[in-house]
Every structure is written in structure tokens, then in C-alpha cells.
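To start, the structure under review is shown below, and the notes come after it.
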Amino acid sequence: MSTPTPTINELVTLFSSEDHNDRVHAAYQASLYRDTPEKEMLLPYLVDALSGPDLSDRGGRKEFAAQSIRYLGIYDETALQIFISWINDGKATNGEILQAILALQEFQNTPEVAKPGLIRALNNDDNHVKQAAIELLSTFDDKDVITSILSIALSDKEESWVRQDALRAIAIFGTDSRCTITKLIPLLDHQEAETRVWAAAAIFFVSDKSFPSEDLDWDLSHWRYSSGFTKVDDERSDKYLIVVEAKKWWQESGRFIEWPDCD
């Protein structure tokens, strides 16, 4: 039998409970009120939960409070500054850092002051934190982050899906990522078909669409799905048309261009 959801007034009372578990549940259950007109009244309690004691009152409470703020879509400057500090100061848990990054993704004008922590997050041992950092960094109008993201794309130590997101981010920067071209070409022969495809897709956008590709005549937000790419032979083949096109372009013209060096 499921536990009934408390009313907002009951939830407010739980935020101040002497029972640690009540406070944790309140921070979590607040997310259930996203469609409730009175949800704004929960923000002060959630922000207070974000800044509670680091040790005795942790236990997921801060993480759940950040998640609830994001789900409810209600922010204030205090919450924003707390999220930035979690990312930058290196003292937050991975769960808190992840929720902070995801929350910042919701802001229309993401504060680039979080950049140092986001770049450090690219070396986080949690792949979800790493992936979220890549996605947020790709929204920055800052070419300095490209080299850091490139290191993820080139590393064989990364999970395939993390590497693919790094390649997608490089593509989002477009021609600002021209210094990555010569580094990406070897990935066209990578052992993983998905990496070959995403490398070719990145090369397509970074080279300013220097070769024809019907597969990529759409918005970047849609090319997360490799099923949209055309295979050369049949469904059993691991060869994709865009990879063939990218290799052909490189051999015929791309390799004769003087590309800048990321270093």
C-alpha cells in the first residue's frame, strides 16, 4: 500500500522536523508538486535544505532539494549561487554536483563562472556527472573549453556514450572547433561503429559541411540517435555512409587544408 502524499502544509512541517528522515523525504516529495499553483511557497524551504549542515543533515537531503527545485522550475539567486559553489568548490557529493549541473542547464543564461568546476567535472569518476558537464559546457560561448572536451572524445578509457556526447559538443561549437579536425580523423577507423559515426558527424559540422551528407541535414539536437544514419550495405553492416563520405572528403581535399592546432 503506497504512502499518501502529504499536503503542502504538512510538507512544510516535515521540512522542520527533528527526524532526519522526515527532512530528507520532504526534500524529495516536494518534486511531486510541480503542477500545483502553491508550489512557490516551497522554494524557501528547499533553498534552506540546500544550505543545511554538511554532515549531520546530508544523507541525500541536499541532492533531493536540488532535484525538486529543478523539477518545480522555481529558482532564486541564492539557489543559483549554491549550485555554482557545489560545482566549483569540489566539496559536494557527485549526486549534488550532478543535480547542480542539471539545474544550471535550466537557466536561460548559464553563468560561465561555473566553468572551472565543470572542466574539473570532466575528470569525475561518475560518468553521468561527466556527461552533464559536457552538455552544459557546450552551451558556453567559450572556445577555451573545446580542448578539454576533445580529450574526452579521444580517450579510449571513456564509456562509448560519454565519448559520443563529447563529439556532439565539438560539433555544436561548429567551425570554432576547426583545431580538432586532424585529431578526429583517426576516429573514423575506431573499433566502435558508434564512435566512427559520431566522429564523422562532428567532422561534418566542424569543417563547415565540406562534404555532402543527407544524414545530417537537421538540427544537432536530433542527432543523438544513431539509428538515423544510413548504412552502406544492409542492416547487418557496421559501415555507415557518413563515415565513408568523411573519409573520402579527407583523402580528396581535407588533408590538404592547413588546419589550426588545438595546442
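Annotations for the structure displayed:
- The GluC sites (Glu not before Pro) of the stretch 1-44 that DSSP puts in a loop, and whose beta carbon has at most 11 other beta carbons within 10 Å, are GLU18.
- Cut-off under 5 Å, modelled amide H: who pairs with TYR240 long-range: VAL232
- Annotated for the chain: lysine pairs at least 8 residues apart or interchain, Cα distance under 17 Å, count 17.
- Summarised as an ellipsoid, the stretch 44-199 has semi-axes of 32, 16, 12 Å, derived from the eigenvalues of the Cα gyration tensor scaled by 5 and square-rooted, with the largest first.
- Ranked packing of 140-152, 124-136, most packed first, by mean Cβ within 10 Å: 124-136, 140-152
- Three-way shape label, the chain, alpha-carbon gyration tensor, a/c 1.5: prolate
- For the chain, built as a Gaussian network whose Cα springs stay under 10 Å, the top-fluctuating residue of GLN164, GLN251, GLN67: GLN251
- Cα-based shape type of the stretch 169-211, given that a ≥ b ≥ c are square roots of the gyration tensor eigenvalues and the cut on a/c is 1.5: prolate
- Value of Rg to Rh for the stretch 58-107, rounded to two decimals, is 0.91; Kirkwood radius and Rg both from alpha-carbon coordinates.
- Most mobile of THR13, THR139, THR175 in a GNM of the chain (Cα contacts under 10 Å): THR13
- Per-residue ³J(HN,Hα) for the stretch 115-128, Karplus 6.51 cos²θ - 1.76 cosθ + 1.60, θ = phi - 60°, Hz, x for Gly and Pro: 4, x, x, 5, 5, 5, 5, 5, 9, 5, 7, 9, 5, 6
- Selected from ILE84, ALA30, VAL47, residue furthest toward positive end of dipole (the stretch 10-92; charges at beta carbon): ILE84
- LEU32-THR7 pseudo-label distance in nm [points 7 Å out on the Cα-to-Cβ vector]: 1.5 nm
Values quoted throughout were computed directly from the atomic coordinates according to the rules given, and no laboratory measurement underlies them. Computed from a predicted model, the values in this text were never measured in an experiment. Positions of Cβ are backbone-derived with ideal geometry, glycine not excepted, and every protein chain shown enters the neighbour counts.
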